[in-house]
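Here is the structure we will look at, set down as structure tokens.
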Amino acid sequence: MLEANGFHMIPWKLVEDWECKFCGKCCINHKVPLLFEEYAKIEPRYGPSSVEPGERMFYIRLLHDGKCFFLKKHGEKYLCRIHDEKPYVCRMFPFRVLRVPKYGNEELSEFKYGTKVFYIYLNRGCSGVKLGNPSMRFVEKVLPEFIKIYANKEANEKLLLKSSSSF
Ligand code: SF4
Ligand code: SF4
């Protein structure tokens, strides 16, 4: 999965729309870090060869040719074998939803959703990013989808923190 470092992150207001093209680019030669709960699900289900240790966490294993262990080719498309349970960074790619404007362009990245403010960027390395003025579909459907994925993770982390501090 493409890391933000070394790839150009652009604010959402410069993007007309996004749609995955199944090009597989984000699943080749890029390491996917696993949250602890993802590791705890994936390792027992797919075996020890599906993951590999890093310095501080586990990653999905990259095969010798640089492809992710779970990547498969179907006709011209690259698909994920664990689509319904793929790790958080894969589900979010190419979006970064943040509480602070980490990649600059504060005004262009700001997105108000309900009472909350987020800063949203996209990784320019993704083939599905179409530059231009944001379309209605992008603003009303695509961005909220990714905010929800981010917000779910945030809520789970708070829950975990709460339960660990109650011991
Ligand atoms: S790089 Fe973008 S378009 Fe290609 S598979 Fe990944 S998310 Fe989809
Ligand atoms: S887990 Fe799936 S989406 Fe993530 S890098 Fe591997 S093949 Fe791609």
For the stretch 4-39, give me the residue count where each residue is among the aliphatic types (A, V, I, L, M), within 16 Å of ligand 1 (Cβ to nearest atom) and open to solvent by less than 30 Å² (accessible area, probe 1.4 Å).
5
Single condition His8 does not satisfy, out of (1) within 15 Å of ligand 2 (Cβ to nearest atom); (2) touching a residue at least 60 places away in the same chain (Cβ under 8 Å); (3) touching a Lys or Arg at 6+ places or on another chain (Cβ under 9 Å):
(1)
Quick one: how many residues across the stretch 45-62 are exposed (fewer than 12 other Cβ atoms within 10 Å of the Cβ) and outside any loop (DSSP other than H, G, I, E, B)?
4
Considering residues that are of a type in the set (Val, Ile, Thr) and surrounded by 16 or more Cβ atoms within 10 Å (Cβ to Cβ), the number found within the stretch 107-124 is 1
Within the stretch 81-127, how many residues are of a type in the set (Ser, Thr, Tyr), in contact (Cβ under 8 Å) with a residue 60 or more places away in the chain, farther than 15 Å from Trp18 by Cβ and assigned to a loop (DSSP other than H, G, I, E, B)?
1
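Here is a yes/no grid of residues against (1) touching a helix residue (DSSP H, G or I) at 6+ places or on another chain (Cβ under 6 Å); (2) surrounded by 11 or more Cβ atoms within 10 Å (Cβ to Cβ):
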{"site": "His64", "(1), (2)": "no, no"}
{"site": "Arg91", "(1), (2)": "yes, yes"}
{"site": "Lys102", "(1), (2)": "no, yes"}
{"site": "Asn105", "(1), (2)": "no, yes"}
{"site": "Lys148", "(1), (2)": "no, yes"}
Being under 28 Å from Arg137 (Cα atoms) and either more than 14 Å from ligand 1 (Cβ to nearest atom) or open to solvent by 90 Å² or more (accessible area, probe 1.4 Å) (or both) narrows it down to one residue among Ile42, Ile82; which is it?
Ile82
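Of everything in the stretch 73-90, what is under 27 Å from Lys148 (Cα atoms) and more than 8 Å from ligand 2 (Cβ to nearest atom)? Give them in sequence order. Give the derivation first.
From the stretch 73-90, those under 27 Å from Lys148 (Cα atoms) are 77-90; that's our starting set.
Hits for the stretch 73-90 are Lys77, Asp84, Glu85, Tyr88.
The values are calculated or read from the model by the stated rules, or taken from the named source; none is laboratory data. As the structure is a prediction and not an experimental result, all values here were calculated from the model. Here Cβ is always computed from backbone atoms with ideal geometry, including for glycine, and neighbour counts include all displayed protein chains. When the accessible area is computed, the model is the full protein with side chains, heavy atoms only, and any ligands, DNA or RNA have been set aside. Shrake-Rupley method; radii C 1.70, N 1.55, O 1.52, S 1.80 Å.
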